[in-house]
1. How big is the gap, in Å, between the Cα center of the stretch 90-109 and the Cα center of the stretch 110-145?
2. With a probe of 1.4 Å, find how much accessible area the stretch 121-230 has per residue, and write the answer as a whole number in Å².
3. How big is the dipole moment of the stretch 225-267 about its Cα centre under a simple scheme where the beta carbon of each Lys and Arg is +1, that of each Asp and Glu is -1, and everything else is neutral? Debye, nearest 20, please.
4. Take every DSSP beta bridge whose two residues both sit in the stretch 217-312, then give the antiparallel share in percent to the nearest 5.
5. Over the residues of the stretch 167-246, compute the C-alpha Rg and express it relative to 2.2 N^0.38 Å.
6. Given the alpha-carbon gyration tensor of the stretch 137-275, what are the semi-axes of its equivalent ellipsoid in whole angstrom, ordered largest first, with each equal to the square root of 5 times an eigenvalue?
7. Provide, as a two-decimal number, the C-alpha radius of gyration of the stretch 139-183 over 2.2 N^0.38 Å, N being how many residues it has.
8. Using every pair of alpha-carbon atoms in the stretch 237-307, split the distances into 10 Å bins beginning at 0 and state the percent of pairs per bin, rounded to integers.
Amino acid sequence: MNRRPGLSARVKLTASYAGFLLVAGTLLLAVVWVFLLRYVPDSSQGLLGVAPNRYLLVRTFAPAAAVALAFLLLFGLLGGWILAGRMLAPLTRIADAARTAANGSLSHRVRMPGPRDEFRELADAFDIMLEQLEAHVTEQQRFAANASHELRTPLAISKTLLDLARTDPTRDREELIERLHAVNARAIDLTEALLLLGRADRKGFSREPVDLSLVAEEAVETLLPLAERRRITLDVTGEQAQALGSAELILRMATNLVQNAIVHNLPAGGTVTVRTGSQHGASVLRVENTGPRVVPAEVLPTLTEPFRRGTERTRTDEHAGVGLGLAIVHSIVRAHDGTIDLAPGPTGGLLVTIRLPSGS
């Protein structure tokens, strides 16, 4: 990699090592002069009447001191260059990994060996960053591919219906219009869900106190007609629970949870229980429903992924959705610095527990 003109870190460290060594040698010679040579009489008789005197000692000591300082300088430069190279080798390895990642290979890791020093901690932190970045990019690529596939389906159906209306004049136009309206509504719902998902991920919203108990009641009231058509009993109780966040997004979160609980339920005679409260400094929302079978444990982690509809759960075609319900819930919870926990019901159904930071 081409480096900008200027001294490299290795040259600077080498100069520093050599300079410190040269200064230490000079100080040592100064100590010899201050505490030894200056007390030698500068006379022909020398110390105690015995030669040599200060003049002769200085003439003899000075060349040797100069040679010693020159040796220290060369030794400092050579040793400093080697030591600086060894010290900077981990940074070079991290820089190589960064360049590899910049070229698109996010699977590369530093995996620094040796003791857990500052460089090892830096390398481990860099590896964690690469791992998270790779997972995020993979998730975004999968999401983009799935979104394109989901959007292509209603568009293809609309094109087919329009071609049919143009080529077959005898076709019932009222039926075509109704089908086009349904397909268009599904495409609009999907687009709005994608926009909401992106907004939640960006955290581009203002925060205000929101009472989860009032939000839960509003969501249940909105979905009451759907529950009555499917003969599902809604039960909402709980105490006041103040959370801090966006009232619109939190309402959408609760609505999605209750709607999923209604749709993925028994064909008839099922129940949906909504509870709110406070626990350990957090505001809690719990939504539990019944179901014909227990949700497998291996399926639970996939339910919050985009476009994963949970094939093991019961639903009707008219409310199949686009597979973004729990994904939007997960994004909203994550944007509010909260947690979501999914657990299977003992006899079927699903228990979803949302914990948001308290706004009180």
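The values are calculated or read from the model by the stated rules, or taken from the named source; none is laboratory data. Remember, predicted model here, so these are calculated numbers, not experimental data. FYI the Cβ positions are ideal-geometry reconstructions off the backbone, even for glycines, and counts take in every protein chain you see. Accessible surface areas use protein heavy atoms only, side chains included; no ligands, DNA or RNA. Shrake-Rupley method; radii C 1.70, N 1.55, O 1.52, S 1.80 Å.
1. 10 Å
2. 67 Å²
3. Details: 4 positive and 4 negative charges, 51 e Å.
Rounded to the nearest 20 debye, it is 240 debye.
4. Details: 8 of 14 bridges.
Taking every DSSP beta bridge with both residues in the stretch 217-312, the antiparallel ones total about 55 percent.
5. 1.69
6. Working: eigenvalues 246, 105, 33 Å².
Working through the eigenvalues yields semi-axes of 35, 23, 13 Å.
7. Numbers: Rg = 14.1 Å, N = 45, 2.2 N^0.38 = 9.3 Å.
This ratio for the stretch 139-183 stands at 1.51.
8. 16, 43, 34, 7
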